[in-house]
Amino acid sequence: MRYKNLISKLFLLALPLSALSYSANAAPAKPNIAWMETNYTLNNGNANYTITWNMWWGSNGNQWQLLQNGDVIHTASLTPQGNNAQADNYQVTVTTAGNYTYTVNLCNVQGTQASCTASANKTINVQGTSTPDPDPTPDPDPTPDPDPTPNPDPTPDPDPTPDPTPGKPNPQPKPGGGYTLTQAEIDAMETELTSSDIFQTVKESIETRNNAEVEAVVPNRAANPENVKRVESILNETLWSYIFAEHHQDYTYTRFLRAVAKFKAFCGTYTDGRDSNAICRKSLATMFAHFTQETGGHNPHSNNEEWRQGLVYLREIGCTENGTSCGYNAECSPTTWQGRTWVCGKNPDGSYLKYFGRGAKQLSYNYNYGPFSQAMFNDTSVLLNDPDRVANTWLNLASAVFFFVYPQPPKPSMLHVIDGTWQPNAHDASLNISAGFGATTNIINGGIECGTSNGQEKRQSLNRISYYKKHAEALNVPIPANEVLGCAKQGRFDTQGAGAMLISLDQDWSYHSDMPEGKSFTCKLVGYQTAYSALIPGDFQKCVENYFEVEVLP
């Protein structure tokens, strides 16, 4: 099985998930304090308001706590319901003006041990009422103001619209239908939705450079990015040509450096004590082993050992631009949501272009070319209109680095397996999934090669292990004696594991009595594939615009 079938797992898997972090502990998923007014006034000596929280999907808790300025003021038991939503509320009464900061802890309590996950803070401002006049005697001088002239400028405020409440959309009706929201409101909603630690970590790991900077990269250039220089110090052009002794002429060393340059985190610098050079070497050995299995010559009669026969195939075997075979474009039809989302290019005769496997990733299908094009050009149409750029430019290797750094929920990214960001939790351990080379094979092709009925490694997995050992030796990568290299005894990654996260966006159907038409005017994270990804800049806004007839104003 070539890489062509793999990226589809990133964009098409249905992912009902239960974990939103790579933590190995048993803490529940993160609760959220629901939107509420944040300004109150003491009335007859007190102010009352209700704190409501929810946790829409994930590991349940059996207790929750409400903290006010760091002190627990309420505790209540909960009944866990698998991975379904949990919610509760508590009415607070305060008698003194001031600022009050609230936090909800969702906990798993076993005996004297508790493991809790805290919500983001919510601060409420309570103001005092004005003091009544202690002397109700009327003013002894009722003489009217000597200048009773009315305000010479009675023109009303041209913009009486109240300022939007932070964290809550404030849609304004448009003449003729639809609504407007401000860019600040859209940005605030998206930030709140994707503010978890794991989202920030993943976003950093897939961050890219602009293509002008990437295409300026050449070997030994003083201005090359830091991660490119690290790769050059480990793998020079001579070693590249030795390792890939039979590579297709379009897989050049310069193009590989440009593929590295595009993704800042690949062979990037770690500032938390992790060994950046060691992680880079191991990443290269891992990637090259999979290159050799997926696009290698596998020719036992060659003068070069099989581990040195990687990157032989540039385009899928037997596929050409001409003829009717290898279309890979059935999903181009506008009757499919994939066809409407990732609009396919056409030939002069009106037929769709072909999206067969190209490059080291053997990228296939419009629903993979489109997202990859978005990541490379911030424009889905570039590669949909010119798919062969994935073969004849540096994108032929960038597509593989793209796959290496992107997570495939419920699977983590290969980068996070190697650099230790992902740590298997208890459920992963129950499936015998550990952080080693075998886990990267599970990410790439676990459904075919892993979890065998007889517990024996399949031929493909044995090849990968053999190639990994050789590439590791060539790149001076030590392989620990306890590293699990195979995956025959591993189960498949699933939604109970530490690599699970929600990345797709869909309409939030919840009802809001204080909003126009009771609509939410926002999109939510979901566990199934949609046209919008929370990892792609601008997709949240597109989702809101599409479902709520919204125009976004500056």
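The values are calculated or read from the model by the stated rules, or taken from the named source; none is laboratory data. If you're wondering where the values come from, they're calculated on a predicted model, not measured in any experiment. For neighbour counting, all protein chains shown are included, and Cβ atoms are generated from backbone atoms with ideal geometry for every residue, glycine included. The accessibility values were calculated without ligands, DNA or RNA, using every heavy atom of the protein model including side chains. Shrake-Rupley method; radii C 1.70, N 1.55, O 1.52, S 1.80 Å.
Evaluate 2.2 N^0.38 Å with N set to the residue count of the chain, then give the Cα radius of gyration divided by it.
Numbers: Rg = 28.8 Å, N = 554, 2.2 N^0.38 = 24.3 Å.
Cα-based Rg divided by the globular estimate yields 1.19.
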Problem - Check: the range 310-358 dipole with +1 on Lys, Arg Cβ and -1 on Asp, Glu Cβ, in debye - result: 100 debye
Practice task
Any lysines with Cα under 28 Å of the residue 354 Cα? List them, leaving off those in the same chain fewer than 8 positions away.
Solution key: 4, 9, 262, 346, 542
Exercise for the section: Kindly identify the range 255-301 as rounded, prolate or oblate by the Cα gyration tensor criterion: order the square roots of the eigenvalues as a ≥ b ≥ c, call it rounded if a/c is under 1.5, otherwise compare a/b with b/c, prolate if a/b is larger, else oblate. Expected result: oblate
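Assuming R0 = 30 Å, can you tell me the calculated FRET efficiency for the pair residue 204 and residue 114, based on Cβ-Cβ distance, to the nearest 0.05? Walk me through the numbers on the way to the answer.
On the way: r = 31 Å, r/R0 = 1.03.
So the FRET efficiency works out to roughly 0.45.
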Completion exercise
By the DSSP-based rule, helices of the chain that are at least 30 Å long along the axis (C-alpha) and have a mean Kyte score of at least 1.0 are none
Completion exercise
Projected onto their principal axes, the Cα atoms of the range 280-398 stretch, largest extent first, over whole-Å spans of 48, 34, 22
Handout entry: Debye intensity ratio I(q)/I(0), log10, the range 221-316, q values 0.22 Å⁻¹ (C-alpha model)
Key = -1.14
Fill in the blank from the handout: Note: residue 197 to residue 213 extended length (0.36 nm per residue) minus current alpha-carbon separation gives 2.9 nm
Practice task
May I ask you to list the aspartates and glutamates whose Cα is less than 13 Å away from that of residue 489, ignoring any residue fewer than eight positions away on the same chain?
Solution key: 428, 449, 457
Exercise for the section: Sequence neighbours fewer than 8 away in the same chain don't count; with that in mind, list the aspartates and glutamates whose C-alpha is under 13 Å from residue 168. Expected result: 37, 185, 187, 190, 192, 514
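Which of the chymotrypsin sites (Phe, Trp or Tyr not before Pro) found in the range 473-554 are in a DSSP loop and have at most 13 neighbouring Cβ atoms, other than their own, within 10 Å? Spell out each step's value before the answer.
Working: sites: 493, 509, 511, 521, 528, 532, 540, 547, 548; in loops: 493, 509, 511, 521, 528.
Of the chymotrypsin sites (Phe, Trp or Tyr not before Pro), the ones in loops of the range 473-554 whose Cβ has at most 13 other Cβ atoms within 10 Å are 509, 511, 528.
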Practice task
Enter the Cα centre distance for the pair the range 320-387 and the range 535-554, rounded to the nearest angstrom.
Solution key: 24 Å
Problem - Over the chain: helical MRE at 222 nm, DSSP H runs n ≥ 4 each giving -39500 (n - 2.57), nearest 500 - result: -8500 deg cm²/dmol
Problem - Rh by Kirkwood over Cα pairs, then Stokes-Einstein D for the range 360-407 at 0.890 mPa s and 25 °C, µm²/s - result: 237 µm²/s
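I'd like to check one number: the per residue accessible area of the range 418-554, probe 1.4 Å, reported in Å² as a whole number. All intermediate terms of the calculation are to be shown ahead of the outcome.
Working: 5900 Å² over 137 residues.
Per-residue accessible area for the range 418-554 comes out at 43 Å².
At a Förster distance of 51 Å, what's the computed FRET efficiency of residue 386 paired with residue 99, Cβ-Cβ distance as r, to 0.05? Could the numbers behind the result be given before it?
Values: r = 56 Å, r/R0 = 1.10.
For residue 386 and residue 99, the calculated efficiency is 0.35.
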Exercise for the section: Can you find, among 377, 401, 206, the residue farthest towards the positive end of the dipole of the chain? Put +1 on the C-beta of Lys and Arg, -1 on that of Asp and Glu. Expected result: 401
Practice task
May I ask you to give the solvent-accessible area per residue for the range 255-382, in square angstrom, as obtained with a 1.4 angstrom probe?
Solution key: 39 Å²
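Just the number, please: carbon plus sulfur as a percent of the accessible area of the range 384-518, 1.4 Å probe, no ligands or DNA/RNA counted. Mind showing how you got there, number by number?
Values: 2400 of 4890 Å².
So the carbon and sulfur contribution to the accessible surface is 49 percent.
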Handout entry: FRET efficiency, residue 321 to residue 34 (Cβ-Cβ, R0 51 Å, nearest 0.05)
Key = 0.40
